[in-house]
1. Could you check what % of the DSSP bridge pairs in the chain are antiparallel, to the nearest 5?
2. Would you calculate a helix-derived [θ] at 222 nm for the chain, using -39,500 (n - 2.57) for each DSSP H run of n ≥ 4 and dividing by the full residue count, to the nearest 500?
3. As a test of reading the structure, rank 45, 234 by solvent-accessible area (1.4 Å probe, protein chains only), most first.
4. If each of residue 277 and residue 311 carries a label point 7 Å out from its Cα toward its Cβ, how far apart are those two points in nm?
5. Give me the one-decimal nm value for the distance between modelled label points at residue 184 and residue 199, 7 Å along each residue's Cα-to-Cβ direction.
6. For 274, 216, write out the residues from largest to smallest accessible area, computed with a 1.4 angstrom probe and no ligands counted.
7. Ratio to report: Rg/Rh of segment 179-277, with Cα atoms as the point set and Rh obtained by the Kirkwood method; give two decimals.
8. Can you give the accessible area of residue 226 in Å² (nearest 10), computed on protein heavy atoms with a 1.4 Å probe?
Amino acid sequence: MEEKAVASVGCREPPGPPRTVSVPCFNISVDQDDILPGSLRLIHELRPHWKPEQVRTKRFTDGMTNKLVACYVKEDMRDCVLVRVYGERTELLVDRENEVRNFQLLQEHGCAPKLYCTFQNGLCYEYMPGMALGPEHIGQPRLFSLSADVPKVEVLEQELAWLNEHLSQLDSPVVFCHNDLLCKNIIYDSTKGHVRFIDYEYAGYNYQAYDIGNHFNEFAGVNEVDYCRYPAPETQLQWLHYYLQAQKGMAVTPREVEKLYVQVNKFALASHFFWALWALIQNQYSTIDFDFLRYAVIRFNQYFKVKPQVLALEMPK
C-alpha cells in the first residue's frame, strides 16, 4: 500500500544545534532502480502548481554513491528540482544527518544551493547552472587561481550610496547614451570615414560622463582584460576636446575639457560598479561559456583600486 506523503512524519530531527532553516521532511522512499515515480511524488509536494504531464526529467550520470535526477517544466531550468537518492546502505559510511546540517549551514552563508526537502532515502535541492569539471579542467590556472573575492552586500550598499551622493554633485548633463560602447559595438567604414554604433539593448538616457567613462573602461577589453590600455590623461584630453568641439560646434576652452575629464573619470567608477553587478547576475543565470564571476571580481578590484585616485581629482577653478 502506497504511503501518503506527509511532511515531518517518519523523519527524525538530527541531534545537535537546531537547524537555522526549516525544510520539509517527507515520508517518501524512492526506489533506486525506478527513480521516476518517487521523484514525481516529491515534485507534487514541492511544486503543486506543476502539471504532472508537463514535468520533464533528466537523469544525470550515476555517481559512485548516489543517483540524481532533474525535474523541470518546459525548457526552464531556473526552477529545476534535483532529486538525489542515497545509495543502498551508504549510511554505514556517511552520516546523513550531519550532511543535512552541513548543507543548511553552507546554504545560510551562500555557499550551497537551496535545500528544498529531505525524504526517507534522499533529499531535493536547487539546480546550480554550470559545468561539472573533468580532469582536463581542474589543472587550468584560470580555475584554480580564481579568487571569488566579491565584496559583501553591506559594502556594496555603502558604495552605491556613496556613488549616488558623490556623482550627483558633478553636474553632468543627462543625454541619450549608448551605455555599452565596447570595441565590438563600434563599426568603422574606412571607405566613407564613418564610425557607427550597433547593439542598442542598454541605450537610454543617462549621464553624459557615464557613457564616456564607460567607453574609456572598455579600452581594457573583455576577454583578456588589461587596464594598462586605459587611455592616458593626454589621450583622454585630446578625445574630450574633439567630443566637446563636435557637440558645441565651436571652439572650447581648456577649462571645459578639464571639467569633463574629471566628470568622466569619476563616472567611470559607476561603470565598474554596474558591470560588476551585471556579471554577478549573469554568473547566476547565463548559459554562455564565459567566466562571469572572474569578470565581476576584476571590475570590483579595479573600482577599489582607482577610487582613491579619482577622489583626488578636483574640478578646475
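1. Given both bridge residues lie in the chain, the antiparallel proportion sits at roughly 95 percent.
2. Roughly -12500 deg cm²/dmol at 222 nm, from the helical runs in the chain.
3. Working: 45 65, 234 130 Å².
Listed by decreasing accessible area, they come as 234, 45.
4. 2.1
5. The modelled label-to-label distance comes out at 0.5 nm.
6. On the way: 274 85, 216 0 Å².
If we order 274, 216 from most to least accessible, we get 274, 216.
7. Values: Rg = 13.9 Å, Rh = 14.5 Å.
Using Cα coordinates only, the ratio equals 0.96.
8. Solvent-accessible area, nearest 10 Å²: 60 Å².
The values are calculated or read from the model by the stated rules, or taken from the named source; none is laboratory data. All values derive from a computational prediction rather than experimental measurement. Quick reminder, even Gly has a Cβ in these numbers, built from the backbone with ideal geometry, and neighbours come from all protein chains shown. Side chains are part of the model used for accessible areas, which takes the heavy atoms of the whole protein and leaves out ligands, DNA and RNA. Shrake-Rupley method; radii C 1.70, N 1.55, O 1.52, S 1.80 Å.
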